[in-house]
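**Q** Just passing along the structure, written as structure tokens.
The values are calculated or read from the model by the stated rules, or taken from the named source; none is laboratory data. Because the structure is a prediction, the values reported are computed rather than measured. Reconstructed Cβ throughout: ideal geometry from the backbone, glycine too, with neighbour counts over all protein chains shown. Areas reflect the complete protein model, heavy atoms only, side chains present, ligands, DNA and RNA absent. Shrake-Rupley method; radii C 1.70, N 1.55, O 1.52, S 1.80 Å.
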Amino acid sequence: MSDKKRNLKEVLVNHFDRQDKDSFKNFGSSSFTKSWQEPYKFLENYLRKKNLHNKSFLDYCCGTGVHSIFPAKLGAKVTGTDFSPASINIAKKRANFFHVERECNFILQDAKDIKALKDKFDFAICIQSLLYLDLDDTFERLSKLLKENGELIIIESVSGNFLFDLNRKRNAKKISSIFSNSLNKYSSLEIIDTSKKYFDISKEEYFGLTTSLSYILEKKLKITFLTKIFIFFDLLLKKIPFFRKFFFTTLIILRKN
């Protein structure tokens, strides 16, 4: 690992280790404000339709286990991996709090180290973590970790909207002014094109265009009654391919080919 990459990793580990250590009493979509829940609700509704009982499920870059609990409650055997010791500790607390500790195994490891993962998985998720990773390496690695016809679900905030990108650059500088340029988001097109080398695309979904306005109203003014209206507008706009590049978040369901 180069000195630059090693130093960036240390910055990121320190950043995630400073996260709220008492935030383990919720999980999944309920962990977010109403305006930001839609992609995670979509994921949960999709998983409900699958028979996850005793299926092997990988939460790649699991963080504090926010998205590990839901598949565990559906009967999946969940393995979560992350490079932040504090995040892994919170994930274990979260699993205990929701009584799924027997279904969850959280492993402290770098995303590039798959040696600790001996088995292959039926399902994998990678949520809001791609900006820290090399796309091609990550998709190749996840393809190796999945069984034949295994499914990978990506949820990622993407670049393409000028206003969103400005806000991301500001947030990246809060993490590290030195490495902020290394924390630029990928576009949905970059993610999709790279994934095609290893996966077939089953579904693409887009979230968070007009709901960004409801997010501001919710955070600043505690106004939530307009959220459903903004969600409806997003549903209409994402049907038009031209507008998809302006959405804040993409969800992609991939099947190993």
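**Q** Taking residue 69 and the conditions (1) buried (at least 23 other Cβ atoms within 10 Å of the Cβ); (2) under 18 Å from residue 109 (Cα atoms), which numbered condition does it fall short on, given that it satisfies the others?
**A** (2)
**Q** When the stretch 191-216 is examined, which residues are found to be more than 20 Å from residue 39 (Cα to Cα), open to solvent by 20 Å² or more (accessible area, probe 1.4 Å) and in contact (Cβ under 8 Å) with a residue 60 or more places away in the chain?
**A** Selection gives 197 alone.
**Q** Checking residue 86 against (1) in contact with an Asp or Glu (Cβ under 6 Å, 6 or more places away or on another chain); (2) over 21 Å from residue 249 (Cβ atoms); (3) at pLDDT below 95; (4) buried (at least 21 other Cβ atoms within 10 Å of the Cβ): exactly one of these is not met. Which one?
**A** (4)
**Q** Going through the stretch 92-124 one residue at a time, which ones are closer than 12 Å to residue 66 by Cα, in contact (Cβ under 8 Å) with a residue 60 or more places away in the chain and either in contact with a helix residue (DSSP H, G or I) (Cβ under 8 Å, 6 or more places away or on another chain) or open to solvent by less than 50 Å² (accessible area, probe 1.4 Å) (or both)?
**A** The answer is 94, 98.
**Q** Could you pull out the residue among 112, 120, 93 that is within 20 Å of residue 29 (Cβ to Cβ) and basic (Lys, Arg)?
**A** Among 112, 120, 93, only 93 is within 20 Å of residue 29 (Cβ to Cβ) and basic (Lys, Arg).
**Q** Here is a follow-up. Any chance the stretch 28-40 includes a residue that's farther than 26 Å from residue 227 by Cβ and either in contact with a helix residue (DSSP H, G or I) (Cβ under 7 Å, 6 or more places away or on another chain) or modelled with pLDDT under 90 (or both)?
**A** Scanning the stretch 28-40, I find no residue that is farther than 26 Å from residue 227 by Cβ and either in contact with a helix residue (DSSP H, G or I) (Cβ under 7 Å, 6 or more places away or on another chain) or modelled with pLDDT under 90 (or both), so the answer is no.
**Q** What are the pairs, 6+ residues apart or on separate chains, where a residue within the stretch 242-257 that is over 18 Å from residue 195 (Cβ atoms) has its Cβ under 7 Å from a residue that is aromatic (Phe, Trp, Tyr) and open to solvent by 10 Å² or more (accessible area, probe 1.4 Å)?
**A** 248/164; 248/207
**Q** Counting only residues that are of a type in the set (S, T, N, Q), out of contact with any Ser or Thr (no Cβ under 7 Å at 6 or more places or on another chain) and not in a helix (DSSP H, G or I), which one in the stretch 185-234 is farthest from residue 143 (Cα to Cα)?
**A** 224
**Q** Restrict the check to the stretch 170-182 and report whether at least one residue is more than 14 Å from the chain's Cα centre (by Cα), modelled with pLDDT of 95 or more and not aliphatic (A, V, I, L, M).
**A** no
**Q** Among the residues of the stretch 242-249, are any open to solvent by less than 90 Å² (accessible area, probe 1.4 Å) and in a strand (DSSP E or B)?
**A** Yes: the stretch 242-249 contains one or more residues that are open to solvent by less than 90 Å² (accessible area, probe 1.4 Å) and in a strand (DSSP E or B).
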